[in-house]
Amino acid sequence: MLTIAVDAMGGDLGPRAAFYGCKNLLGKHRQVRVMLFVEQGWVGEATRSAAEFSDRIRIVGCGTSIAADENPSVVLKKRQSSSMVMALCAYRDGEVQGVLSVGSTGALMILSRRLLGVLPGIDRPALATQIPTRGKPLLLLDLGASLGATSSQLVQFAVLGVAWCRSMKIERPDVGLLNVGHESGKGTADIRTADSILSCLLPENYAGFYEGDDLYRGDLDVMVCDGFTGNIALKTSEGLTDWLTQMVKDELKQHWVLRLVSPLLRQAFKRIHKRIAPTRHGGAMLLGIDGVVVKTHGKSDISTYEFAMGYLVEQAINHDREALIRQILPMQEAIA
């Protein structure tokens, strides 16, 4: 039986979305237990919402939660009874095998580093997730754990990406560095320096510079960028997906011929939507943290929560700490 911790506080839609997301998850995954962390005032409603799964869900009342704009010093000193801290402590103490939070990304990174630590040789974790492409899934990192990144940190992100892929049985992952052009002279000094290091460090994996319109080509396993760029790229893609989905629906309603054939097309559109819908890719792991920690969108609804928790379950089942370390250390020694 696998147990996950869910920090339900801090989302735009309030904790109710997490309650019903947990209920849906437990209905589909009978070998999963949930520890749900909420402010004390929500314990009663959370308990009632998942009463039919009372044998596999434990509601934990907490003293407070962390605001999205909370100062890091306040988070570290005065939020020890918060839902986020208590969920991470449950992982540290071996009560759960993974943590999902909808709260502040910055606070989650700071607290994860403080309470769980980082993998050997890693200075800064990266927020990472796989996005669907024309070909194979693409691991994109960093997505906003830190807004900027030095050349050394970009190289570490690439090392983390390669190590994670190899731990997932992808023997020879292909890695690209997101830039404003393919030419060697393009980009900032940090990006150009990272390019030089990666060419020497990962000659069999590193494929060079890639531009934004290359993201969905499907020939890479890992794309590396700083958190500012990655966050904008991901959210732009999500916004475009939502718009295209709505545009197709609107077009099918415009003409009687299209309305007649729309039932025939509906199954095809459903399959496409399953592949690209942002709600199905709402979870991102804090790669580099010594543990399994997943962040979901602040605007997560019930469906997004359910898929993010499913993603966490998948990461927890496949997590192999020793395999990650075995992959990271030789590359870190080469960097040094």
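The values are calculated or read from the model by the stated rules, or taken from the named source; none is laboratory data. All values reported here derive from a predicted model rather than from experimental measurement. Cβ placement follows ideal geometry from the backbone for every residue including glycine, while neighbour counts extend to all protein chains displayed. Heads up: the accessible areas ignore ligands, DNA and RNA and are worked out on the full protein's heavy atoms, side chains in. Shrake-Rupley method; radii C 1.70, N 1.55, O 1.52, S 1.80 Å.
With every protein chain present, what is the per residue accessible area of the chain (1.4 Å probe, Å²)?
Heavy-atom accessible area per residue stands at 47 Å².
Here's how it looks for residue 3: its modeled amide H is under 5 Å from those of 33, 97, which are all 5 or more places away or on a different chain. Most mobile of 317, 131, 191 per a Gaussian network model of the chain (Cα springs, under 10 Å)? Comparing 317, 131, 191 in the GNM, the peak value goes to 317. Once the Cβ-Cβ distance of residue 192 and residue 24 is raised to the sixth power relative to R0 = 35 Å, the FRET efficiency obtained is 0.15. Using a 10 Å Cβ count of at most 15 others and DSSP loop calls, identify the longest part of the chain lacking such GluC sites (Glu not before Pro). The reported range is 212-336. Label separation (residue 64 vs residue 45): 2.2 nm, computed from points 7 Å beyond Cα along the C-beta direction. Charged side chains reduced to their Cβ positions (Lys and Arg at +1, Asp and Glu at -1) give the chain a dipole of some 1080 debye around its Cα centre. Counting only trypsin sites (Lys or Arg not before Pro) that DSSP places in a loop and that have at most 15 other Cβ atoms within 10 Å, the longest clean stretch of the chain runs over 31-133. Distances between placed amide hydrogens fall under 5 Å for residue 299 paired with 12, all partners being 5 or more residues away or on another chain. Across the range 83-114, the residues whose backbone nitrogen lies under 13 Å from the label position 7 Å along the beta-carbon direction of residue 2 are 97-100. Which of the three applies to the range 26-123, rounded, prolate or oblate, going by the alpha-carbon gyration tensor with a ≥ b ≥ c and a/c under 1.5 meaning rounded? Here the range 26-123 falls in the oblate category. Comparing 107, 145, 189 in a Gaussian network model of the chain (Cα springs below 10 Å), the most mobile by mean-square fluctuation is 189. For the chain, modelled as a GNM whose springs connect Cα atoms under 10 angstrom apart, the maximal fluctuation among 184, 300, 82 occurs at 184. Between the range 291-336 and the range 207-251, how many Å separate their Cα centres? One Cα centre to the other: 20 Å.
Along the charge dipole of the range 88-191, Cβ charges K/R +1 and D/E -1, which of 96, 135, 146 sits furthest on the positive end? The listed residue farthest towards the positive side: 135. In sequence order, the range 42-50 has phi-based couplings of 9, 4, x, 5, 4, 5, 5, 5, 10 Hz under the Karplus curve 6.51 cos²θ - 1.76 cosθ + 1.60, θ = phi - 60°, and Gly or Pro positions carry x. Under a 5 Å amide H cut-off, with hydrogens placed 1.01 Å from N, residue 145 pairs with 127 among residues at least 5 apart or on other chains. Beta bridges from DSSP with both residues in the chain: antiparallel share about 30 percent, rounded to the nearest 5.
Residue by residue, the range 133-138 carries 3J(HN,Hα) couplings of 9, 4, x, 8, x, 10 Hz when phi is fed to the Karplus relation 6.51 cos²θ - 1.76 cosθ + 1.60 (θ = phi - 60°); x denotes Gly or Pro.
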